[in-house]
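The values are calculated or read from the model by the stated rules, or taken from the named source; none is laboratory data. All values reported here derive from a predicted model rather than from experimental measurement. In this analysis, Cβ positions are derived from the backbone assuming ideal geometry, glycine residues included, and neighbour counts consider all displayed protein chains.
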Amino acid sequence: MIRVLFAEDEHLIRGALIELLRGELDMRVVADTGEGRQVLPLALEHRPDVAVLDVNLPDRNGIEVAALLHEHVPRCRTLLLTSLGQPATVRQAMEHHVGGYLMKDAAPGELASAIRRVASGGRVIDPELMLAVWETNTNPLTPRETEILTWAAKGYAVRDIARAVSLSTGTVRNYLSSCVTKLGARSRLDAVRLAREAGWLPPLDRAPQPGC
């Protein structure tokens, strides 16, 4: 059973979404609120598997709430809902380990499907939002992340990358995980593919070599 927490300040929308999920036999809404500051206390009390958050909660940004949940209730995954998709906000959400980002006008069945995928550890980004992110053509990776991902693109193992850039293996793994998150990728290889297609990685013949 997937335990769900809802945070949406518009009562009619929140009520409609909760009612929509009543027909799903594999999930249950364990708490709901219209205030961002109430989300963390409710999550600590009810331990939901997924928190569905409005991006524009009146008292606290949904992304800030997602970051708090990631820190204090790490087993609770987050799915953001928005009525106006902005590429910069999508990127910020990815940086804060958000599991999903969905438009409020999505088809009714998409919400339940998104919750299931997020609960299982997957990521869901509305295709139109993802397209808007790519069309802005702004590299979300830091120079260090780009460097680490470039090494990974050459097929080097984490320990070899760590030795080459004088970092611990744990730090290298964290950088690679950040790359996957920011690019909305499914895996490290997928992150390499997406970054290369966007032109954010140098050609293979210009990538770093061990000992350089």
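Odds and ends about this structure:
- Scanning the range 1-19 for residues that are in contact with a Pro (Cβ under 7 Å, 6 or more places away or on another chain) and either more than 14 Å from Arg116 (Cβ to Cβ) or among the charged types (D, E, K, R) (or both) turns up Arg3, Leu5, Asp9.
Conditions tested, residue by residue: (1) over 19 Å from Ile115 (Cα atoms); (2) touching a residue at least 60 places away in the same chain (Cβ under 8 Å); (3) outside the structural domain of Ala106 (by TED's automatic domain parsing); (4) small (Gly, Ala, Ser).
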residue: Gly23; (1), (2), (3), (4): no, no, no, yes
residue: Arg28; (1), (2), (3), (4): no, no, no, no
residue: Val39; (1), (2), (3), (4): no, no, no, no
residue: Val52; (1), (2), (3), (4): no, yes, no, no
residue: Ile63; (1), (2), (3), (4): no, no, no, no
residue: Ala67; (1), (2), (3), (4): no, no, no, yes
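- Only one of the numbered conditions (1) assigned to a loop (DSSP other than H, G, I, E, B); (2) more than 22 Å from Arg123 (Cα to Cα) is not met by Trp151, and that is (1).
- Of residues in the range 188-197 being out of contact with any Lys or Arg (no Cβ under 9 Å at 6 or more places or on another chain) and closer than 16 Å to Tyr156 by Cβ, the one surrounded by the most Cβ atoms within 10 Å (Cβ to Cβ): Ala195
- Boolean, Val55 is of a type in the set (A, V, I, L, M) and touching a Leu at 6+ places or on another chain (Cβ under 6 Å): yes
- Filter result for Leu57 (in contact (Cβ under 8 Å) with a residue 40 or more places away in the chain, closer than 18 Å to Ala107 by Cα and not basic (Lys, Arg)): no
- Output for the range 158-212, where each listed residue is assigned to a helix (DSSP H, G or I), modelled with pLDDT under 80 and more than 28 Å from Val124 (Cβ to Cβ): Leu204, Asp205, Arg206
- Residues of the range 2-33 satisfying the condition of being basic (Lys, Arg) and buried (at least 19 other Cβ atoms within 10 Å of the Cβ): Arg14
- Check on Thr181, surrounded by 19 or more Cβ atoms within 10 Å (Cβ to Cβ), under 22 Å from Gly100 (Cα atoms) and polar (S, T, N, Q): yes
- Applying the criterion of at least 1 residues that are of a type outside the set (A, V, I, L, M, F, W, C), at pLDDT 75 or above and under 13 Å from the mean Cα position of the chain (by Cα) to the helices (runs of 4 or more DSSP H) found wholly in the range 52-132 leaves 62-72, 108-119.
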